[in-house]
1. Any idea how far apart Gln137 and Lys13 come out in nm if each label point goes 7 Å out from Cα toward Cβ?
2. Largest first and in whole Å, give the semi-axes of the range 1-109's equivalent ellipsoid, each being the square root of 5 times a Cα gyration tensor eigenvalue.
3. Translational D (Stokes-Einstein, µm²/s) of the range 199-256 at 4 °C and 1.567 mPa s when Rh comes from the Kirkwood sum over C-alpha pairs?
4. Quote the FRET efficiency, to the nearest 0.05, computed for Asp92 versus Asp221 with a Förster distance R0 of 41 Å and r equal to the Cβ-Cβ distance.
5. If you count only protein heavy atoms with a 1.4 Å probe, what accessible area per residue comes out for the chain, rounded to a whole Å²?
6. Hey, rough spin-label estimate for Ala45 and Glu252, points 7 angstrom out along Cα→Cβ, what's it come to in nanometres?
7. Mind checking the dipole of the range 15-131: about its Cα centre, +1 per Lys or Arg Cβ, -1 per Asp or Glu Cβ, Debye to the nearest 20?
8. Heavy atoms only, probe 1.4 Å: what % of the accessible area of the range 109-258 goes to carbon and sulfur, would you let me know?
Amino acid sequence: MNEDLLIKDIMSKPVAIAKSAAITEALDKMLDEAADPLIVTNNGAVVGTIARKAIADTLGSKKTSTVSPTKIHVASGIEEAFTSAYPDEPVDVLVPLLQEFKIVVILDSDHKLIGKVDATDLLKVVKPEIPADKIMQAPHTIHPGERVVHLRRRMLDENVTKFVVTDETGVIGVVTETDIAKSLREFRSAVGDKHQEYQVRNLFVSDIMTSPAITVDAKIDIAGIVDLLVNKNISSVPVVNDQKLVGQISKESLIVAL
């Protein structure tokens, strides 16, 4: 790692939202800015973060099923545990922080928010020196004919935010907590309260998945995978060998390997 690099050299613009804002506004900002999580503020002070997973969980909860999504506040999905650093600290302090947290909030000497660093920011300047197969993870798969309610249950039970969608032909797509959050918002806006519980069971993975999926060949080197994840700003990528799914590599696993 370049010992001369400071956090201020790699940090990027923070994407923040007020604690009192609507959760739908947070989702729109996440999609527009390609940011996850968002930094949550209250009267200008950082009070936590909110991730797409929290939004998906909130919109899919029975507790909020009778409440319009536009009336649910960011506060309902806030994660108060976050970490911070300062711009003149060396970059290497970020590695253990990002192995525990998805984002590092950068504050000035007056404790005001001036930037953020996430896995994408760090991987732009630092790449692990390890063969790709050494950090490849077992993929979580789901069939396109599965119901979205079952997908949500698996995400919660298995603590997984992204599934590779496969059928007899191989990899046909991916489905994430972002797809669930978007589909549930659209569904709840279009379907009346009386019919939601019944009709949501008619939503299938094939209705909300992203297809075709971006994949990488098992022979690609680690630098190529890092460049793909950074340039496409995606959290992970399925790995295939002769069109057969053999694993996946995520930004999380790359940060752990640093």
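The values are calculated or read from the model by the stated rules, or taken from the named source; none is laboratory data. No experiment lies behind these values; they were computed from the predicted model shown. Note that each Cβ is placed from the backbone with ideal geometry, even for glycine, and that neighbours are counted across all protein chains shown. Surface accessibility is based on the protein's heavy atoms, side chains included, excluding ligands, DNA and RNA. Shrake-Rupley method; radii C 1.70, N 1.55, O 1.52, S 1.80 Å.
1. Distance between label points: 3.0 nm.
2. Numbers: eigenvalues 181, 33, 26 Å².
Semi-axes (√(5λ), whole Å): 30, 13, 11.
3. Values: Rh = 12.9 Å.
D, rounded to a whole number, is 101 µm²/s.
4. 0.95
5. Per residue, the chain has 51 Å² of solvent-accessible surface.
6. Reported label-point gap for Ala45 and Glu252 is 3.1 nm.
7. On the way: 12 positive and 17 negative charges, 128 e Å.
It comes to approximately 620 debye.
8. Its accessible area is 47 percent carbon and sulfur atoms.
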